[in-house]
Amino acid sequence: MSAELLSGTAMRREILAELAAEVQSLQEQHGVRPGLVTILVGKNPASVSYVSLKVKTALELGFHEVQESLPETISEADLLAAIEAWNRDPSIHGILVQLPLPPHIDEKKVINAIDPDKDVDGFHPVNLGRMVLGGEEARFLPCTPAGIREMLVRSGTPLAGAEVVVVGRSNIVGKPIALMLAQKGPGGDATVTCVHTHTRDLAGHCKRADILIVAAGKPGLIKPEWIKPGATVIDVGVNRIGESASGKALLAGDVDFAGAREIAGKITPVPGGVGPMTIAMLMKNTVRSAWLHCGEKR
Ligand code: NAP
């Protein structure tokens, strides 16, 4: 039987409707609109398209949205100065610097320059540290892993005691989702294994996963026969595998989707799975930041 499709597009719609109600409450109770600045350096086509989607979503939600487009040649010092100005601006609750940055700019320095209380991407070491501590300490969770967890929770996938295998250990996906699902308490309590290129018997690990999360960036890496019947499969991979006749990029995940769909219980499509959740979580972090700036923890 074909697996249930976990649609990130549908879940995003649900989350944005909840956030729109919160934006209205913020306005009524505090006269505040969530403020988000999206900083784009250069004109990398993928970055331009990600930023425009973020801006569009923020505007639809009624945010105070500022898009700052800076030239590819901007110096590191000038970019840091621009961030510092947004750190001081009380109308801004979230600062997003679209990555990657041009090679002459040190990404770490840029991330570290963002006020942790406005770091809605959740990449600042202070927020990553808070995430590791978990529970009440956590503030802004990185958006893609937060979106994955939200998908699992909203789809009613049991997490407590589940065997979770995460393929990949990057700082933006693999490592944080592994940590988040291993935390004590609701939305966690799973038994997590994180695998990578040095793992012996990748297939063997995948085969015992109740929940298989794949973030490797390798199309077709996960074979259908590696999937436990009935498992939940979250495919984070976004791989460009060609172009359509009209020149549109053709995308595929890391999982052999057609085959896996016949074995898994639930599976995310690519595109339309984890991707839309990432933007929803960015909006959620910004609304949360606005509440926190009003002295309310939500
Ligand atoms: P990354 O930094 O390149 O990390 C890839 C990870 O996968 C590494 O830990 C690597 O292991 C592991 N890996 C690669 N090939 C493997 C193999 N054959 N067997 C086992 N492990 C393997 O990638 P990332 O930034 O996490 O992104 C991963 C994918 O997710 C990409 O396709 C990216 O486009 C996508 N992505 C999607 C979203 C979204 O919103 N949908 C967001 C972020 C990323 P080592 O550490 O040993 O090298």
Item to complete: Report the normalised scattering of the stretch 205-253 as log10 I(q)/I(0) at q = 0.29 Å⁻¹, calculated by the Debye formula with identical scatterers on the alpha carbons.
Response: -1.06
Item to complete: Quick one: which residues, 5+ away or cross-chain, put their amide H under 5 Å from the amide H of residue 167? H built at 1.01 Å from N.
Response: 195, 213, 214, 215
Worksheet item: Just how large is the dipole of the chain about the Cα centre, in debye to the nearest 20, putting +1 at every Lys and Arg Cβ and -1 at every Asp and Glu Cβ?
Response: 600
Worksheet item: Hey, what does the equivalent ellipsoid look like for the stretch 147-216, semi-axes from the Cα gyration tensor as sqrt of 5 times each eigenvalue, largest first, whole Å?
Response: 19, 13, 10
Worksheet item: What's the Kirkwood radius of the stretch 67-187 in Å, using all Cα pairs?
Response: 15.9
Worksheet entry | Pairwise FRET efficiency - residue 297 versus residue 60, Cβ, R0 = 30 Å, nearest 0.05 | 0.70
Worksheet item: Which pairs, out of 207/297; 56/207; 43/297; 175/266; 54/207, put more than 32 Å between their alpha-carbon atoms?
Response: 207/297; 56/207; 43/297; 54/207
Practice prompt. Please state, to two decimals, what the Cα-based radius of gyration of the stretch 71-121 comes to when divided by 2.2 N^0.38 Å (N = residues).
Written response: 1.08
Worksheet item: Hey, got the Cα dimensions of the stretch 142-276 along the principal axes, in Å, largest first?
Response: 49, 30, 28
Worksheet item: Along the charge dipole of the stretch 72-185, Cβ charges K/R +1 and D/E -1, which of 142, 158, 111 sits furthest on the positive end?
Response: 158
Worksheet entry | Charged-residue dipole, Cβ positions (Lys, Arg, Asp, Glu), the stretch 142-298 about Cα centre, Debye nearest 20 | 340
Response to the item:
Everything considered on the Cα gyration tensor (a ≥ b ≥ c; rounded for a/c under 1.5, else prolate if a/b is larger than b/c, else oblate), the stretch 28-117 must be described as oblate
Item to complete: Using a 1.4 angstrom probe, figure out how much accessible area the stretch 28-117 has per residue, in square angstrom, rounded to the nearest whole.
Response: 50
Worksheet entry | Fully extended contour minus Cα-Cα distance, from residue 223 to residue 14, at 0.36 nm per residue | 72.1 nm
Fill in: Percent carbon-and-sulfur accessible area, the stretch 28-117, ignoring ligands, DNA and RNA, probe 1.4 Å
56
Practice prompt. Lys and Arg at +1, Asp and Glu at -1: add these up for the other residues within a Cβ distance under 15 Å of residue 200 and post the number.
Written response: +1
Item to complete: Report, by chain and number, residues whose modeled amide H sits under 5 Å from the one on residue 97, excluding near sequence neighbours (fewer than 5 apart, same chain).
Response: 39
Worksheet entry | Estimated distance in nm for a label pair at residue 76 and residue 89, the labels positioned 7 Å out from Cα along Cα-to-Cβ | 2.4
Worksheet entry | 149, 240, 33, ranked by accessible area, largest first (probe 1.4 Å) | 240, 33, 149
Fill in: Projected-area average for the chain over all orientations - Cα convex hull basis, square nanometres
15.9
Discussion item. Heavy atoms of the protein only, probe of 1.4 Å, neighbouring chains included. What is the accessible area of residue 48 in Å², nearest 10?
Written reply: 60
Worksheet, complete the sentence: In terms of the alpha carbon gyration tensor, root eigenvalues a ≥ b ≥ c, rounded if a/c is under 1.5 and otherwise prolate when a/b exceeds b/c or oblate, the stretch 198-283 is prolate
Worksheet entry | HN-Hα J in Hz across the stretch 73-78 - Karplus 6.51, -1.76, 1.60, θ = phi - 60°, x for Gly and Pro | 8, 4, 7, 4, 4, 5
Practice prompt. With all protein chains present, calculate the accessible area of residue 137 using a 1.4 Å probe and round the result to the nearest 10 Å².
Written response: 100
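The values are calculated or read from the model by the stated rules, or taken from the named source; none is laboratory data. What you are looking at is a predicted structure, and each value in this text was computed from that prediction instead of being measured. Cβ coordinates were reconstructed from backbone atoms using ideal geometry, including for glycine residues, and neighbour counts include every protein chain displayed. Please note that ligands, DNA and RNA were not included when accessible areas were found on the heavy atoms of the full protein model with its side chains. Shrake-Rupley method; radii C 1.70, N 1.55, O 1.52, S 1.80 Å.
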